[in-house]
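Worksheet for the structure shown next.
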Amino acid sequence: MRISRSAARRWPWPLAAVELVGIALASATAGLLLVTGPLPATHDGLHHLFRLYELDRCLRGGSLFPRLFPDMAFGYGYPVLNYYSPLAYYLAWVWVGLGLGYIGALKATYLLAFALSGLGMYLWARTFLPRPAATLAALAYVVAPYHVADVYVRGALAEALAFVWPPYMLWSAVLLGGRPSGGAACFLALATAALALTHNLSAALFTPAVAAYALALALGKPNKVRHCLELTLSLLAGLFLAAFHWLPALAEGKGRSEERRVGKECEVPC
C-alpha cells in the first residue's frame with residue numbers, strides 16, 4: 001500500500017483516465033475480429049447461439065427461469081439451465097432486447113467480458129502496484145492466450161465471462177480486509193454470486209482460492225477474528241444468493257449419474 005500511495009502522488013489522476021482508456025483499447029483490440037468479421041467458427045459457439053435463442057423464446061413466453069429448453073433435443077426438451085450456469089445467457093439476452101440480434105448479442109457479451117475483466121484486474125492490481133504496473137497487469141489479463149482462446153477457439157461464452165469476476169472478488173477482499181465496510185462486503189458477495197451463476201466449475205475452483213487469499217489478508221490485521229468472520233460471511237452470502245441454481249443441480253446430480261448408468265446398460269452392441 002505504501003508503494004501504491006507514493007505512485008499516486010507521482011502520477012496525477014488525469015493519467016488514470018488515460019490508463020483506463022488504454023485498457024478499453026486493449027479490450028477492443030482483443031475483440032477486433034468480433035467487430036469486423038462474422039461470429040467465429042468455434043467448438044461451442046453454435047451451442048450458445050441455440051441456447052440464447054431458446055432463452056429468448058422462453059422469456060418472451062413468460063417463463064423467467066426456464067430450467068428446460070423445450071425445443072431442444074428434437075422437441076423433447078433439454079434441461080440446460082438445470083446444470084449449466086445461466087448468467088451469461090441472460091446478459092446476452094439483454095443485448096437481444098436492445099436489438100442486436102442473437103449473433104450480435106454474443107459478440108457484445110464477449111466484448112463486454114474483455115473490458116470488464118481488464119478493469120477488474122486493474123482495480124485489484126492497483127491496491128499493491130503503481131499505476132503503470134497495474135495497467136500492464138490488466139493488459140496481460142485481457143490478452144492472455146487462454147482468455148483469447150476461450151473466445152476465438154473454444155467459443156466458451158460462460159467461461160469467457162467468468163474471467164470478469166475473480167479480480168473483483170480479490171479487489172473487494174482487499175478493501176474489506178483494509179477497512180471493513182458494508183459496501184465492500186456486499187460487493188464481495190455479489191461478485192461471488194456472479195461467478196457461481198456464470199460458470200460453476202470456475203466458482204468451485206476459484207472461490208476457495210479467494211477464501212485463502214482473504215484469510216491471509218485477515219491474519220495480518222490486529223483484529224483477526226472480526227476480519228475472518230466478515231470475509232467468511234461475505235463469501236457465504238454470495239454462495240447463498242446463487243443457491244437457487246447450484247443447490248438443485250447438486251440435488252439432481254445423483255439422478256443424472258443414475259441415468260448415465262442405465263443408459264450404458266441399455267446399449268446394444270453392434
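Observations, loosely collected:
- Meeting the requirement of 3 or more residues that are closer than 28 Å to ALA138 by Cβ and either at pLDDT 80 or above or more than 18 Å from the chain's Cα centre (by Cα) (or both), the helices (runs of 4 or more DSSP H) wholly within the range 166-270 are 182-198, 200-219, 224-241.
- Those residues of the range 121-139 which are touching a residue at least 12 places away in the same chain (Cβ under 8 Å) and among the hydrophobic types (A, V, I, L, M, F, W, C), in sequence order: MET121, LEU123, TRP124, ALA125, PHE128, LEU129, ALA134, ALA137, ALA138, LEU139
- Which listed residue, of ALA7, ALA24, ALA16, ALA41, is at pLDDT 70 or above and not in a loop (DSSP other than H, G, I, E, B): ALA24
- Sole exception among (1) outside any loop (DSSP other than H, G, I, E, B); (2) under 26 Å from ALA92 (Cβ atoms); (3) of a type outside the set (Asp, Glu) for ARG154, by number: (1)
- Hits in the range 138-150 (condition: in contact with a helix residue (DSSP H, G or I) (Cβ under 7 Å, 6 or more places away or on another chain), open to solvent by 30 Å² or more (accessible area, probe 1.4 Å) and within 19 Å of MET169 (Cβ to Cβ)): TYR141
- Listed by first and then second residue, the pairs linking a residue in the range 187-215 that is more than 14 Å from HIS245 (Cβ to Cβ) to a residue that is open to solvent by 60 Å² or more (accessible area, probe 1.4 Å) and in a helix (DSSP H, G or I), with Cβ atoms under 8 Å apart and 6 or more places separating them unless they lie on different chains, are PHE187/LEU175; ALA189/LEU241; LEU190/LEU241; ALA211/THR232.
- For the range 124-136, a residue qualifies if it is under 21 Å from ALA191 (Cβ atoms), surrounded by fewer than 18 Cβ atoms within 10 Å (Cβ to Cβ) and not β-branched (Val, Ile, Thr), and the qualifying residues are PHE128, LEU129.
- When ALA133, ALA115 are screened for being closer than 19 Å to ALA28 by Cα and part of a helix (DSSP H, G or I), only ALA115 passes.
The values are calculated or read from the model by the stated rules, or taken from the named source; none is laboratory data. Model, not experiment: these values are computed from the prediction. For neighbour counting, all protein chains shown are included, and Cβ atoms are generated from backbone atoms with ideal geometry for every residue, glycine included. Just so you know, the surface numbers come from the protein's heavy atoms only, side chains and all, with ligands and any DNA or RNA stripped out. Shrake-Rupley method; radii C 1.70, N 1.55, O 1.52, S 1.80 Å.
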